[in-house]
Amino acid sequence: MKPKTCIECHEEFTKKKIQRIKINGKKQWMCVFCKRKRRDKKRDILLHTVGGVRRKEDIINEAKEKSKRIFSFQRVKRAIFPSIKSVRPKKRVSVLGMYLTREEKQILFKKYLSNGLNPEEADKKVKERVGFLLNLIQKLRAEKKSEGEINKRFKEEFAKLCEKE
């Protein structure tokens, strides 16, 4: 019997190793090995597209691509925005509780409004009181008082502001 050639790998096989299949409506010869590869590929495509199963290699490749994108973005970011170091190191001063919060300023503002001042005058007076408290903190720091004592004195002065006038 005359050997037939495979349409995929173009090798000649005997009848035992080659089969006749229909491709696009034409009957053609394909070897068993190529047919197995084709069947596996089709099964793989169906499994991954219809079934939603992902291959381990695909997951690894996506992770590599994502890390490359992040790394390239960071490299571009570093190139665009260089870090500038200061000449002198910054002094760390803890000022926790030694400022007036927005709510405390609103309390003073409402108090001055209820005392009969118009909004502009009340705003000026609040700003004066904030300046007074900041000056007090600076004076106490110049006298080398401890942070706890400064904080205590600050709270006392604010309480006095809320009580009087």
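The numbers here are math on the coordinates, done by the rules we state, and not lab data. All values derive from a computational prediction rather than experimental measurement.
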Query - Rg/Rg_ref, region 1-57, where Rg_ref = 2.2 N^0.38 Å and atoms are Cα - result: 1.41
Query raised in the report: What lysines could a cross-link reach from Lys15, if we take a straight Cα to Cα line under 22 Å and drop same-chain neighbours fewer than 8 places away?
Result: Lys2, Lys4, Lys26, Lys27, Lys35, Lys37
